[in-house]
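Working notes, beginning with the structure itself.
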Amino acid sequence: MRGRSGWNADGVSTVITNIGELAGADEERWLVEDAALVIDGDRIAWAGPARDAPAADERYDARGRAVLPGFVDSHAHLVFAGERAEEFAARMSGRPYSAGGIRTTVERTRNASDEDLRANVRRIVAEMARQGTTTVECKSGYGLSVEQEERAVRIAAEIVDEVTFLGAHVVPDGTDPSDYVSLVTGPMLAACAPYARWVDVFCERGAFDAGQTREILSAGRAAGLVPRLHANQLGPGPGVRIAVEYDAASADHCTYLTAEDIAALAGSETVATLLPGVEFSTRQPYPDARALLDAGASVALATDCNPGSCYSSSMAFCIALAVREMRMTPEEAVRSATEGGAKALRRTDVGHLRPGARADVLLLDAPSHIHLAYRPGVPQVARVWREGKAI
Ligand SMILES: [Zn+2]
């Protein structure tokens, strides 16, 4: 295979043989059994029945286990300092806790060095990779000043694939909301746009209202960024419909949806990104994944990894919650964590293993993708390749 693909002239090809169950490699059928997969350089070169596998430079025996695309985590907040374990413990024991929330993390993040923030992002991205996540989206939003937000997106862009400008996370203490929106849509956006692909707003009561959300998304779009939105997390609201109106790539959370919201998502290209780790960690009701899927909406699963509302980097945990608590089938959950995440990031090169895909491959220490939900909390990652290289 060497040299034929043209994807990577230096690439060594590897055939993964004896795959018991291969997911996401066939256009017609999501799962195929007794399969093989060829990685050439950083790309998938071939997938099909094991008996037809072409020769390659190297051979890896999957010993009957399951192979999936690497997980695509399309929603995370990783540029932060400190943690909030005490707040979590207080919430779980029903004790009131001081409403520090996001602002606690903002203060610690502002006081951290670039090197500390960079190390934190690298630490969590490595933690994610060990658990099978090969594409990561990361937002700013704990800086809330021009310099601090610029620093957050710049550091994120050094490390992850997908960077989102979330200056509109919360209005900082002591700032007039309309002054803050002017800052976000003016100098802050100008400083951050070169490092980001996406613009996001926390559209929620207590954060940014419908008018402010539209203003920020419009400004972001004029600066060349593509909208995505935190919508309908804490209660019903206009977020989902604004996301659809702006053709956002994704409306994230979707915990409180009306029938109109579900119909709007189903009739759009906007993905409903569900973050069940948040509902777990805040003891909130789970979103109605079943209603979204039955209406024909596209669904993604992501972690929302952040120090406040969900400090988990585990996509497998999200899959288990989606199956147990949100009535998704294991196949729906795994597809939402791979191809759903890719769609939420408008990426066609990840989230599947068809020829031409980036060679982001997850070998489970299990015979089937079902084990991700069936054996929750159990480490089941045998090997991960990212861009064709074993991690
Ligand atoms: Zn979030």
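The values are calculated or read from the model by the stated rules, or taken from the named source; none is laboratory data. Please read these numbers as outputs of a predicted model, since none were measured by experiment. Virtual Cβ from ideal backbone geometry, glycine too; neighbours counted across all protein chains shown. Just the protein is used for accessible areas: all its heavy atoms, side chains included, with ligands, DNA and RNA removed. Shrake-Rupley method; radii C 1.70, N 1.55, O 1.52, S 1.80 Å.
Among the GluC sites (Glu not before Pro) in the stretch 153-219, none is located in a DSSP loop while being surrounded by at most 12 other Cβ atoms within 10 Å of its own Cβ. Using the 1.4 Å probe convention, the accessible area of the stretch 1-157 works out to 44 Å² per residue with neighbouring protein chains retained. Placing pseudo-labels 7 Å out from each Cα toward the beta carbon at residue 29 and residue 61 gives an inter-label distance of 2.5 nm.
Just to confirm the filter: which trypsin sites (Lys or Arg not before Pro) across the stretch 15-58 are DSSP coil and have at most 12 other Cβ within 10 angstrom of their Cβ?
Details: sites: 29, 43, 51; in loops: 29.
Here the trypsin sites (Lys or Arg not before Pro) that fit, given the DSSP loop and packing criteria, are 29.
Express the relative contact order of the stretch 207-301 as a whole percentage, based on alpha carbon pairs under 8 Å and six or more residues apart in sequence. Mind showing how you got there, number by number?
Details: 164 pairs, mean separation 20.9, N = 95.
Contact order relative to length: 22 percent.
Out of the total accessible area of the chain (probe 1.4 Å, heavy atoms of protein only), what percent is carbon and sulfur? The computed percentage sits at 48.
The local environment of residue 362, defined by Cβ-Cβ distances under 14 Å, has a net charge of +1 under the rule Lys, Arg +1 and Asp, Glu -1. Here the Gaussian network model covers the chain, with springs between Cα atoms less than 10 Å apart; of 257, 363, 234, 234 fluctuates the most.
Explain nothing, just the number: relative contact order of the stretch 113-268, from Cα pairs under 8 Å at least 6 residues apart, as a whole percent.
Numbers: 277 pairs, mean separation 24.7, N = 156.
Worked out over the stretch 113-268, it gives 16 percent.
Close amide-amide hydrogen proximity is noted between residue 12 and 41, each under 5 Å apart and 5 or more residues distant or on a separate chain (H modeled in the peptide plane; Pro and chain starts excluded). Counted over the chain, the DSSP beta bridges are approximately 45% antiparallel. Charged side chains reduced to their Cβ positions (Lys and Arg at +1, Asp and Glu at -1) give the chain a dipole of some 580 debye around its Cα centre. Pairwise alpha-carbon distances in the stretch 104-193 exceed 14 Å for 64% of all pairs. As a ratio to 2.2 N^0.38 Å, the alpha-carbon radius of gyration for the stretch 234-391 is 1.03. Derived value for the chain: Kirkwood hydrodynamic radius 21.3 Å. Basis is the mean of 1/r over every pair of different alpha-carbon atoms.
Give me the net charge for the shell around residue 202: Cβ to Cβ below 15 angstrom, other residues only, Lys and Arg +1, Asp and Glu -1. All intermediate terms of the calculation are to be shown ahead of the outcome.
Working: positive: 103, 139, 205, 214, 228; negative: 149, 200, 204, 209, 215, 252, 304.
Combined, the nearby Lys, Arg, Asp and Glu give -2.
Relative contact order, percent, of the chain when contacts are C-alpha pairs under 8 Å separated by at least 6 residues? Can you show the working numbers first?
Numbers: 973 pairs, mean separation 72.0, N = 391.
Normalised by residue count, the contact order of the chain is 18 percent.
Over all alpha-carbon pairs in the stretch 155-217, figure out the percentage whose distance exceeds 14 Å. The calculated P(r) of the stretch 155-217 puts 55 percent of pairs beyond 14 Å.
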